[in-house]
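Trainee: Handing you this structure, nothing more for now.
What follows is calculated from the coordinates using simple rules that are stated; it is not laboratory data. All values derive from a computational prediction rather than experimental measurement.
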């Protein structure tokens, strides 16, 4: 018998970043698989989840949880009570942290280990919190879900986690949202960016140190500076923190164009990604690399790094570079000078992206939930 699962979606941000797309994609696929599902969410998301997953029991948490400290306090006290009220057999915490006394087997998603392996890429406050949360999950969770083999291996290497309690569930991609754009979509985005048909290199993500945007800016500037019609660099997205990015922007030669449009509506992303000459994502560490997969699904030729999980996503369908500015410059210039090579990568990336679905991810999550419930039942029988 399949377990009844409560998924805590209260951490999902309003901007629907990578965490939001993970939770939304997973919940929608779990609903399509007729999972016995309850969802805890913020009040702003109640209507959304009721519409997306019509069979699920959707419960809103107190309005105060929009403040991070209040949400963490509610996670410890209110979430276990809610799990009891909805008769959940398994609790899924999809963002690192879990209640210390959940009252039922708990599955925790650990996205990456860069808080341990590259702490300088995070703020000190974030590093302290997430290190503690991950250690707690390794000790107390019934099972752990990770989005890549790279994250699983890091958990075992860095924290000595039991590999038999870790399940790998690759993310999927929403192919109705991320797809090859038509020419009108490309034109609309180009006009919105003020480029009016001029070529550009695209980046989409947070501007934090882990994404390595400062090195991308320097590498792009070096790669295009001597071209007659140098393509612009468009840094879409927002959030994060990096003094290095501000310094790199200030050093861009005056004849080059760098565009920072902030967040783009989801409806614009196929045109933005698919309309680019290259989608460049030279991250220094990812748990999965969802932006790379989404760019591939939009038919963009992708340049990324060999770091952590990214080769599991890109395979041989993307181009790779070392994460420093010099190597990015060389790799990017090589792609810009090779239209046929870019087209081949675009085709290969699109084909590979079709292999990643939220339905497959949901199936892997369901198997993990069943293992957690079965292990708990076996322990209770042995007592």
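Trainee: Can you give me the orientation-averaged projected area of the convex hull built on the Cα atoms of the chain, in nm²?
Mentor: 18.6
Trainee: On to the next question. Can you give the convex hull volume per residue for the Cα atoms of region 183-353, as a whole number of Å³?
Mentor: 102
Trainee: A further question follows. How far is helix 124-140 tilted off the main Cα axis of the chain, in degrees rounded to 10, range 0 to 90?
Mentor: For helix 124-140, the angle is close to 40 degrees.
Trainee: OK, next. Once Rh is set to the Kirkwood radius over Cα pairs, what Stokes-Einstein translational diffusion coefficient, in µm²/s, holds for region 1-50 at a temperature of 4 °C and a viscosity of 1.567 mPa s?
Mentor: This corresponds to a translational diffusion coefficient of 115 µm²/s.
Trainee: A follow-up question, please. How are the C-alpha pair distances of region 200-245 spread across 5 Å bins, as whole percents from the shortest bin up?
Mentor: 6, 23, 30, 21, 13, 7, 2
Trainee: So, in Å, what gap is there between the alpha-carbon centers of region 254-324 and region 63-116?
Mentor: Measuring centre to centre over Cα atoms gives 31 Å.
Trainee: Beyond 20 Å, what percent of the Cα pairs of region 299-380 remain?
Mentor: 51
Trainee: Using only C-alpha atoms and all pairs of different ones, pull out the Kirkwood radius for region 103-230 in Å with one decimal.
Mentor: Kirkwood hydrodynamic radius for region 103-230: 18.4 Å.
Trainee: Give the Rg/Rh ratio for region 248-309, taking Rg as the radius of gyration of the Cα atoms and Rh as the Kirkwood radius, to two decimals.
Mentor: Reported Rg/Rh (Cα atoms, Kirkwood Rh): 1.00.
Trainee: Relative contact order of the chain: what whole-number percent is it, with Cα pairs under 8 angstrom and at least 6 residues apart?
Mentor: 17
Trainee: Another question about this same structure. When the Kirkwood radius is taken over all Cα pairs of region 99-178, what Stokes-Einstein diffusion coefficient follows at 10 °C and 1.306 mPa s, in µm²/s?
Mentor: 117
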